[in-house]
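Notes follow once the structure below has been shown.
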Amino acid sequence: MNEAEKQSPTPELDEAEVAAYLQAHPDLISRYPAVLEAMNVPHESGSAVSLIERQVNGLRTTNRQLQARFNELVETARDNEQRVVQLNRLAKVLVSAPTAAELVPELAYCLQQHLDVDHIYVGLSGNSGEVEALADGEIHAIAEDNDAGKALTNVYRRGKPICGPLSEEQSEALFATRTNDVPALSSAAMIPLGAQGVHGALVLASRKSTRFVPDMGTLFL
């Protein structure tokens, strides 16, 4: 299509021209069955509704429902494909970090840039000195009697990802929001760490209250 054709407006057709075209091309409906499905063809039946008309209306309704469902599935597939791409990007970060101290900042950057996460917290159970020495302070020590341990009680108990609101107490315990001038964090995903039992937690936090909600799926988490 040349530039002139692109700029020329689509000509308006009146009913007589449409009717004449249909008469000249009687096979149009057979070549474009979707046109017939969209057409409303009245017939003389008084106040009664024929079975054929009811069948056609039913088929149209079913077709609209199937099309809406198909569009929904396509959109979900696109979202899932994008998540897989993001997870592959995240996996590259995880396997390429040479030390734990370098891992956490790279992980935080990747999650912030590609997965709409504002802050992350990585904690491990164990002696605080050993944990800090392992990761140069980037990974925090979790104990039952410290504030971080209390904030993560549910994820330790359940042993599976938990999504939902983040209380002010949890936000302060994990991210020191009051002392570090970090904006209030409203929701989070808490992910248990450990191949055999829970030995730590990764917390993905967001300022948006709708970013992590209780009924969201946790497969990708």
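The values are calculated or read from the model by the stated rules, or taken from the named source; none is laboratory data. Since the structure is predicted, the reported quantities are computational estimates derived from the model, not experimental observations. All Cβ positions, glycine included, derive from the backbone under ideal geometry; neighbour counts span all protein chains shown. Just so you know, the surface numbers come from the protein's heavy atoms only, side chains and all, with ligands and any DNA or RNA stripped out. Shrake-Rupley method; radii C 1.70, N 1.55, O 1.52, S 1.80 Å.
Within 10 Å, count the other beta carbons around each residue, average over each peptide in 28-34, 55-61, and list them highest first.
Numbers: 28-34: 10.1, 55-61: 11.7.
Order by mean packing, descending: 55-61, 28-34.
Return the aspartates and glutamates within reach of LYS92: Cα separation strictly under 16 angstrom, same-chain partners fewer than 8 residues apart disregarded; answer none if there are no such residues.
Partners within reach: GLU102, GLU106.
Rounded, prolate or oblate: which one fits the chain, using the alpha carbon gyration tensor with axes a ≥ b ≥ c (rounded when a/c is under 1.5, else prolate when a/b beats b/c, else oblate)?
prolate
Nearest 0.05, what FRET efficiency do ARG158 and ALA97 give at R0 = 25 Å with Cβ-Cβ as r? Write down the numbers at each step before the final one.
Values: r = 28 Å, r/R0 = 1.12.
Computed FRET efficiency for ARG158 and ALA97: 0.35.
Need one word for the stretch 140-220: rounded, prolate or oblate. Basis is the Cα gyration tensor (sqrt eigenvalues a ≥ b ≥ c); a/c below 1.5 gives rounded, then a/b vs b/c decides.
oblate
With just the Cα atoms defining each centre, how far is the stretch 161-192 from the stretch 100-148? Give it in Å.
14
For the chain, with all protein chains present and a 1.4 Å probe, just round the carbon and sulfur fraction of the accessible area to a whole percent.
Carbon and sulfur: 53 percent of the exposed surface of the chain.
Using 19 Å as the cut-off for backbone N distance, which residues of the stretch 103-121 belong to the label zone defined by a point 7 Å from the Cα of VAL84 along Cα→Cβ?
115
Over the chain, give the accessible area per residue in Å² for a 1.4 Å probe, as an integer.
71
Students often check this: by mean Cβ neighbours within 10 Å, which of 161-171, 13-23 ranks highest, and how do the rest follow?
Put in order of decreasing packing, that is 161-171, 13-23.
What's the magnitude of the charge dipole for the chain around its Cα centre, counting Lys and Arg as +1 and Asp and Glu as -1 at the beta-carbon? Answer in Debye, nearest 20.
Taking the Cα centre of the chain as origin, the dipole is about 680 debye.
Using Cα-Cα distances under 8 Å and only pairs 6 or more residues apart, what relative contact order does the stretch 85-221 have, in percent?
The value is 22 percent.
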